[in-house]
1. Can you tell me how much longer the chain between A156 and M74 gets when fully stretched, taken as 0.36 nm per residue apart minus their C-alpha distance, in nm with one decimal?
2. For S36 and R110, what is the calculated FRET efficiency with R₀ set at 45 Å and r taken between the beta-carbons, to the nearest 0.05?
3. What do you get for Rg/Rh over the range 62-159 if you use C-alpha atoms and the Kirkwood form of Rh?
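Where a number appears in this text, it was derived from the coordinates with a stated rule and is not lab data. Note that the coordinates shown come from a computational prediction; the quantities given were computed from them, not determined experimentally. With ideal geometry, Cβ positions are generated from the backbone for all residues, glycine too; neighbour counts draw on all protein chains shown.
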Amino acid sequence: MEHSFDNKPIRPTFITVLCILTFIGSGWRVVSNLLSVFTYNLNNTQVQIEQISNAAGELGDSGAFVNGIFNSSMEILKITAEHGREIAMMSLVLSLLSLAGAILMFNLRRFGFYLYVAAQFLILFVIPYFTGFSSLVLIGIVYSAIPTIIFVILYAINLKHMH
C-alpha cells in the first residue's frame, strides 16, 4: 500500500469511484425513504391501487397466466401499501448504514465493508419480510441483488487497501 508524505495510505482511484457511486445510490435511497416516512398516506395509496385494479378489470380476460400474475402483484402491492411507512423506515435505517459503510471505506476502514455488505444484504429482504416470498418477490430480489453483488465483489477485491 502506498503512503503519502504524512504517512497516511493513499486511497486508490477505484475505491474512490466505487464510494462516490455508493454515496449517490445510498444517498438517493436515504432522501427517498425519508420523504416516504414523512409523507406516506395509506388512503391515497389504496385509492391508486383501486384505480389500477379497475383499469385492469376493464381490459377483460387476457388468460389465466396473466390474470394470475396480476392478482399476485395486486396482493403484494396491497400488503406493501399497508406497511409502507414501516418499509420506508427500515429501508431508511439500512440505507444510512450502507452510507456509513461507504464513508468508512472511503476513509479506508475495513469495517465499512462489513457494514456495507450487511446493510445491502438486509435491504434485499425488507419487502419479503412483510409480503412473504412468492415468485414475483423472488424475481425482485434477484433483480435487486445483481448490482449489490457486483459492488460487493468490487469492494472485496479492494479490501487489501483497507485497514
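1. Here the answer is 25.7 nm.
2. 0.90
3. We get a ratio of 1.10 for the range 62-159.
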